[in-house]
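Every number here is computed from the coordinates shown, using simple stated rules; none is lab data. Please read all numbers here as calculations on a predicted model, not as lab measurements. Glycine also receives a Cβ, built like all others from the backbone with ideal geometry; neighbour counts cover every protein chain displayed.
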Amino acid sequence: MKIAVLGAGAVGGYCGTMLKPHVDEVIFIARGQHLKAMQQNGLIVHSSMSGSHHIRAIFTDDFKALMHADLIIFTVNSAQTKETAAQMLPHLKPESTVLTLQNGVDNEERLAALIGSDRVLSGASYITVQLESPGVIRQENIQSFVIGPLSENGRLKAELITDLFNRSGLECKLSSNILETKWEKFLYNATFNPLCALTQKTIGEILDAEALRSYAEDILMEIVLIAKGLGVDLKQAVIDEVFPKSELVRNHRPSMLQHREQGKKMEVESLCGYVIQKGNDLGVKTPVLEYVYHALLSINNSLK
């Protein structure tokens, strides 16, 4: 199997590194200083679970490198999904599969509209990982994945990729309802990621500050109301676990905070705007999330 990682930042770079010994080839598509560093020095991954890895591979920004890939691991910033997918499309083999491991719950629909739901797999990544410096990734504490098909025709592919992840040391489960699973992750992500980015604080600092924790609790309830209005079957036990489980990653700096610190555009629309729009459609108010959304939009306008 030949794999291409499209958007080989922290999550994509880590996954590609772990998968590389178990497949024929992994190509890493990236850009900027991170790409330059990988081209010069290779990719270095420090993991608390699997040790340190230093790999050499094809590191490029040329989408033509996708031509021979059987699997594309799609890990670009959600704000760039539409543009990147359009650039990707002309270079895909007819039988290739795209696995999105992105934040949010709206990317699957965009990808399926372009290449068909049978060719798209969705995945939820539960991982504390960051780009420590250009060409260097650090992973700590936890890493697990859930993968599932968007249609029954994609189930066999999902089973094969789930098995490959497990053989590569990436703990992975197969989901029969991946979109519900993505919403369960979205509860954590949208509760803390935007708020951490706005306040420039870790998850633990949000949990320890009474006022900030209260904002996070309000955001969680707003998201739950929207999900229920959309017919998503979120179990109460899952909702109740959001804050206790977040204690396990107190030192984590979520992706939007990392992007802000790096001067990159944040995933404001996928993690805030999408929920607010659905709330407007349903007639459900989301005042706290709306405040965070507009504040982050203002910051985003000053970033690259």
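Across the stretch 1-149, how large is the tail of the calculated P(r) beyond 22 Å, expressed as a percent of all Cα pairs?
It works out to 34 percent of all Cα pairs.
For the chain, set up a Gaussian network in which alpha carbons nearer than 10 Å are linked by springs, and say which option among Pro149, Pro194, Pro94 fluctuates the most.
It is Pro94.
Rank Asp218, Asp240, Asp118 by mean-square fluctuation in a GNM of the chain with C-alpha springs under 10 angstrom and give only the top-ranked residue.
Asp240
Can you give me the Cα centroid spacing of the stretch 164-201 and the stretch 40-109 in angstrom?
Centre-to-centre (Cα) distance: 17 Å.
Can you give the % of DSSP beta bridges in the stretch 8-139 that are antiparallel, to the nearest 5?
Of the beta bridges lying entirely in the stretch 8-139, close to 40 percent run antiparallel.
By how many degrees, 0 to 90 and rounded to 10, does the Cα axis of helix 178-199 deviate from the longest principal axis of the chain?
70
What's the Cα-based Rg to Rh of the stretch 61-201, Rh via Kirkwood?
Ratio value, two decimals: 0.96.
Where nothing but the Cβ of Lys and Arg (+1) and of Asp and Glu (-1) is charged, how large is the charge dipole of the chain around its Cα centre, in debye to the nearest 20?
Charge dipole of the chain: 760 debye, to the nearest 20.
Using helices alone, what [θ] at 222 nm do you get for the chain, with -39,500 (n - 2.57) per DSSP H run of 4 or more residues, divided over all residues and rounded to the nearest 500?
Helix-only estimate at 222 nm: -13500 deg cm²/dmol.
With everything on Cα atoms, drop me the angle between helix 32-41 and the longest principal axis of the chain, reported from 0 to 90° to the nearest 10.
40
Any idea what the dipole of the stretch 1-141 comes to, in debye rounded to 20, about its Cα centre with Lys/Arg Cβ at +1 and Asp/Glu Cβ at -1?
320
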